[in-house]
Amino acid sequence: MRLKNKVAIITGAASGMGEAMAKLFAQEGAKVVATDIQVEKLNHLIDGIKQTGGEAIAIQHDVSSRETWFNEVVPQTLAAFGGIDILINNAGISLPTPFEEQTEQHWKKAFDININSVMLGMQSVLQAMQEKGGSIVNISSIAALTGMAGPGAYTASKGGVSAITRAAAVEFGKMKIRVNAINPGYIMTPMSETHLNNPQVLAHFKGIIPLQDYGTAMDIAQAALFLASDEARYISGVNLAVDGGTTIQ
């Protein structure tokens, strides 16, 4: 088992990529702390993990709240499992709006959830991790690597995730804490499938993705598993595109 006895906090774990990570990490021996605002889905996930012999707890979590990070998520994790080895900052939102129509409210919400939460998450686990090191994986986007029409606030916030990942990797290195990011491409999840399965959209993306297929939530989970594991012990500050080759063109 690649994560045996490691304690992993995974945000946005109720569905999509976060759900896939929580299930895979538990299968690989991690003690999973799954957080999300969708409590019913979260509890269903935890029940499934426990039924297959895994260890996991659920925490209702507004990732943009400093109080929730410091007073609930970290203390409950330490009380349940005694430490923190891995943090996956996965929770995020997209608010597709033409650039000229984006409001300050759009901008603030995207930044609160997509980038401020990453800063808060890393700050909150720092004390628990610094004694023996750890691994932080932030979920960014290929939007941080290329220009995209439409979700300007999303693109800007994900650019911030990629940048803060590099900065934290430098600062946290002396504490043996590795910090990396994953930049997903076009990934088929319950949230995106209606849009991505549109025949016109499918034809367009097949034309711009060299592997001519969408990614899956498990593709991202497998990349996160590698970066979280000791197999990646000498990798830090990387932005790993998992995108079927989209950004090499």
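The values are calculated or read from the model by the stated rules, or taken from the named source; none is laboratory data. Note that this is a predicted model, so its numbers are computed, not measured. Quick reminder, even Gly has a Cβ in these numbers, built from the backbone with ideal geometry, and neighbours come from all protein chains shown. Each accessible area value is taken on the protein alone, full model and side chains, heavy atoms only, with ligands, DNA and RNA left out. Shrake-Rupley method; radii C 1.70, N 1.55, O 1.52, S 1.80 Å.
The residues of segment 149-170 that are more than 19 Å from Asp112 (Cβ to Cβ), aliphatic (A, V, I, L, M) and within 17 Å of the chain's Cα centre (by Cα) amount to a single one, Ala169. The residue that is surrounded by the fewest Cβ atoms within 10 Å (Cβ to Cβ), among those in segment 21-38 that are of a type outside the set (Gly, Ala, Ser) and in contact with a Leu (Cβ under 7 Å, 6 or more places away or on another chain), is Glu28.
When segment 158-177 is examined, which residues are found to be of a type outside the set (A, V, I, L, M), surrounded by fewer than 24 Cβ atoms within 10 Å (Cβ to Cβ) and within 30 Å of Lys132 (Cβ to Cβ)?
Filtering segment 158-177 down to residues of a type outside the set (A, V, I, L, M) leaves 158-160, 162, 165-166, 171-174, 176.
Next, from what is left, pick out any that are surrounded by fewer than 24 Cβ atoms within 10 Å (Cβ to Cβ): 159-160, 162, 166, 171-174, 176.
Gly160, Ser162, Arg166, Glu171, Phe172, Gly173, Lys174, Lys176 - these are the residues of segment 158-177 that are of a type outside the set (A, V, I, L, M), surrounded by fewer than 24 Cβ atoms within 10 Å (Cβ to Cβ) and within 30 Å of Lys132 (Cβ to Cβ).
Please go through segment 66-84 and pick out each residue that is part of a loop (DSSP other than H, G, I, E, B) and either in contact with a Leu (Cβ under 8 Å, 6 or more places away or on another chain) or open to solvent by 40 Å² or more (accessible area, probe 1.4 Å) (or both). Within segment 66-84, Gly82, Ile84 meet the criteria.
Among the residues making up segment 134-157, those that are open to solvent by 10 Å² or more (accessible area, probe 1.4 Å) and among the β-branched types (Val, Ile, Thr) are Thr146, Thr155. Take the residues in segment 192-248 that are assigned to a strand (DSSP E or B) and among the β-branched types (Val, Ile, Thr); name whichever of them is most open to solvent (accessible area, probe 1.4 Å). Looking at residues that are assigned to a strand (DSSP E or B) and among the β-branched types (Val, Ile, Thr), I get Thr216. Mind checking whether some residue in segment 102-123 is in contact with a Pro (Cβ under 9 Å, 6 or more places away or on another chain), closer than 23 Å to Met17 by Cα and either touching a residue at least 40 places away in the same chain (Cβ under 8 Å) or surrounded by 17 or more Cβ atoms within 10 Å (Cβ to Cβ) (or both)? Yes: one or more hits. Number of residues in segment 55-65 that are open to solvent by 10 Å² or more (accessible area, probe 1.4 Å), assigned to a strand (DSSP E or B) and hydrophobic (A, V, I, L, M, F, W, C) equals 2.
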